[in-house]
Amino acid sequence: MAEVDAHTQEEFFDVLTKTGQKTGVSKPRGDVHRDGDYHRAVHVWIFAESTQELLIQRRADCKDSWAGLWDISSAGHISAGDSSLITARRELQEELGVTLPKDAFEMIFVFLQECVTNDGNFINNEFNDVYLVTTVDPIPLEAFTLQETEVSAVKYISYEEYRSLLAKEDLDYVPYDVNGEYGQLFDIITRRYKENTIARSLSLQKQLQRYAPVSLSAELTGLTDADREALVLLIKAAAIMDEIFYLQVWYSNPVLQDWLKEHADASQLDKLKWMYYVINKSPWSSLDENEAFLTTADSAITLLPEATRPVTGWKGLEYKAAFPLLKPPGANFYPPDMDKVEFELWKSSLTEDQQQAATGFFTVIKRHSEFSLDSSLYSSTVSSTNHSVGSTHDLYSVPFSQEYNSSLTRAAEFLHKAGDLASSPSLKRFLHSKADAFLSNDYTDSDIAWMELDSKLDVTIGPYETYEDALFGYKATFEAFIGVRDDNATAQLKLFGDNLQVLEQNLPLDNVYKSKDVISAPIRVIDLLYNAGDVKGPQTVAFNLPNDERIVKDRGTSMVMLKNISEAKFKHILQPIADVCITKEQQELVDFDSFFTHTICHECCHGIGPHSITLPNGRKSTVRLELQELHSALEEAKADIVGLWALKFLIHKDLLPKSLLKSMYVSFLAGCFRSVRFGLEEAHGKGQALQFNWLYEEGAFILNPEETFSVDFTKVEGAVESLSREILTIQAKGDKEAANLLLQKHGKLTDPLKVALQRLNKIQVPVDIVPTFSWLIKYWSKDAKLVSLILIFYLL
């Protein structure tokens, strides 16, 4: 960071509160340090794996603090309006002449430094975003280009020796309390590189054992020859949904995937890493509250010769593609250093149409400054940049059609070809309209075409669910489900779709909030042939689409039930859970029909209740926009609990058999333990914890002395109705505060839930399934046209 002289405009900083929030005030650098204002800076550490050394710099003698002492590899203040990661990249280039892309920087923690130096004239109250850059080998010292006003020398030092010097408070080194917060740097490095390989392998094996491998079968006999040819093309298009989804999760995720796959045969540990990565499609474990099971030390090596000044005989800088230990809530939809305050300030400056794009399903949010920095850093000459007061609004939106253009163009070509082959007119229309949507970014026509799909070969493909966006719940991930329709099962389910308006009018909700024009929801039952994209971790048994509130309001929704997935989950998971957790007297009430029927009603109930709403101040909005990151968990809880209410209603209207009444409640109780095991960071798991705890507190669920559970049938109907009313009313009012209070109070792992989970862990009941598609092998010898499909499958 450049020192201020008489001919340079003094740098401004954003003034923060003591908790690190922006106050909206910016002040000159000198005034900030004179007054002791809280502000933000970055620390960048370069660590060489092969020698286990950290790079440190000697601060220039002209610095106004800690002059001449050894310090962090690179550091600097974040100027007013600037962002953390951009500052980290820029400081490293300016101070050391090291030019690296954003995937080299791993955010490891935030450190608050409060100190007074220079006889009380320099007060430093600084929130420091600490980044780690991991290189394979030390960078030759002659490769650095030092900024003389900032840095007088650099050297490498063993991280253990450096920690020891800091602990001794050696006067040649800028002091950091290694026994306090800053000790995290050294602890992280130690854990990564002094791991017990055997213990880590055992841990990964235990994580893998929570998934039961299941071979899914399906019959293709009902498909025409043309549809079978189209199926090959559809699976090629589905593979591209995987490609896009990996990138949506995190920007270094695709190279991590390639690296792990390439090195899977190097050792048993590497094989286990790859196997568990394939299930989670990221380095974060879905069943462990998104805890990382990999670190940047496991990641891909990238050679970047142009990163520094060239040195004879040295091939250039090699770094590890980084990812943070904590899963970024905004995934790769937003800049990693963007917070909600910055987004909301930017959004408030936009026109209504621009706001819709910013909060819409099909855009990503980027920084102008990142584009500018990349343009300057990777040009032949690096232009100087004025780091005074930054741009007021650094963010802008990019449509999916532009962000993923190369992948979507290829996917569109496959869909058009498949559409030309498809025997069903409705499938032709859907595939061609979806292909067009990939390139236009307008998904309305394709969503309507999907709802009207009437084809033996059933296809869902595109951006739909928003679970991955844990920051706001705005952005959709790409996915694909390809199946064969079960015509008999589909015909039997018409009852549910036809009664949605009746259910809406009888919801336990004030009439003012009820919709008078709910449209019947078509339901399709399929056997899954193939899935891709956002199908990580626990497998879905059904889905209700589209999620676009405008279409839901005008057209309703459609449901797809994955029957062979449901059957596998019941057999391998729910039945064993019931055998362990449900009292013997009620175990016989747990059956597949109740489980599957409630799943159907769950999906139906996504289509009723509040979606487009009018707020108390008269403003039109949607539940999703108002509840933001809380929407997914609350919506899943609503669909579950209102689904139970709806089944009871239909039974009392003699539309469903009365024999279902008790079995649906006991099957639901067993299902609570199944879903909570997904983890409370996952929307279904958190929503299920909310329901279980509410019903338990109301006395509807009972923990018996022998640590089994049962349903009190005299209390369960009232408890279900009261929770349904609570959630529906919160949604109708768009009351985020009430939603947060409800989830905080009830969406947690309580003692009764812990009892059930401990019993299940003792006998190792699987948490979920990992499907393999055995029909591919079955048709290897039957159908020459599927040979290429088989090859694609095994190459993925």
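Quick notes on this one:
- Accessible-area composition of segment 497-656, carbon plus sulfur, in percent [1.4 Å probe]: 47 percent
- Segment 472-508 and segment 276-319 have their alpha-carbon centroids 41 Å apart.
- Surface composition of segment 12-193: carbon plus sulfur atoms contribute 48% of the solvent-accessible area (1.4 Å probe, protein chains only, all chains present).
- Between Val255 and Ser372, the simple spin-label model (points 7 angstrom out along Cα→Cβ) gives 2.5 nm.
- Dividing the convex hull volume of the alpha-carbon atoms in segment 12-193 by its residue count gives 115 Å³ per residue.
- Report note on the peptides 614-622, 701-709, 182-190, 529-537: ranked by the mean count of other C-beta atoms within 10 Å, highest first, their order is 529-537, 182-190, 701-709, 614-622.
- Residue-count net charge about Phe245 - beta-carbon cut-off 11 Å; Lys, Arg +1, Asp, Glu -1: -4
- If R0 is taken as 41 Å, the Cβ-Cβ distance between Lys494 and Ser621 corresponds to a FRET efficiency of 0.80.
- For the peptides 398-411, 159-172, the ranking by packing is 398-411, 159-172, with the highest mean count of neighbouring Cβ atoms within 10 Å listed first.
- Heavy-atom accessible area per residue - segment 646-704, 1.4 Å, Å²: 33 Å²
- Pairwise label distance in nanometres, Asp579 with Glu142, each label 7 Å out on the Cα-Cβ vector: 7.1 nm
- Beta bridges by DSSP in the chain, antiparallel share as percent, to the nearest 5: 75 percent
- Projected label distance in nm at Gln355 and Gln52, using a 7 Å step from Cα toward the beta-carbon: 5.6 nm
- Solvent exposure of segment 12-193 as accessible area per residue, Å², 1.4 Å probe: 37 Å²
- Förster radius 22 Å - calculated FRET efficiency between Asp270 and Leu325 (Cβ-Cβ, nearest 0.05): 0.65
- All Cα-Cα separations within the chain were binned at 10 Å from zero, giving a P(r) of 2, 12, 21, 23, 19, 13, 7, 2, 0, each value a whole percent of the pairs.
- Contact order normalised by residue count of the chain, Cα under 8 Å, 6+ apart, percent: 12 percent
- Counted residue by residue at 0.36 nm each, then reduced by the alpha carbon distance between them, the extension gain from Phe122 to Ser65 reaches 19.8 nm.
- Summed residue charge, Cβ within 11 Å of Leu625's Cβ, Lys/Arg positive, Asp/Glu negative: +3
- Our note on the geometry: Cα centres of segment 560-638 and segment 62-124, 48 Å apart.
- Accessible area (Å², per residue) of segment 296-367, counting only protein heavy atoms and a probe of 1.4 Å: 44 Å²
- Dividing the radius of gyration of the alpha carbons in segment 566-772 by their Kirkwood radius gives 0.97 for Rg/Rh.
- Inter-centroid distance (Cα atoms) of segment 186-215 relative to segment 677-705, Å: 29 Å
The values are calculated or read from the model by the stated rules, or taken from the named source; none is laboratory data. Only a predicted model underlies this, so the values are computations on that prediction, with no experimental measurement involved. Don't worry about glycine lacking a Cβ; one is built from the backbone with ideal geometry, like all the others, and counts go over all protein chains shown. Just the protein is used for accessible areas: all its heavy atoms, side chains included, with ligands, DNA and RNA removed. Shrake-Rupley method; radii C 1.70, N 1.55, O 1.52, S 1.80 Å.
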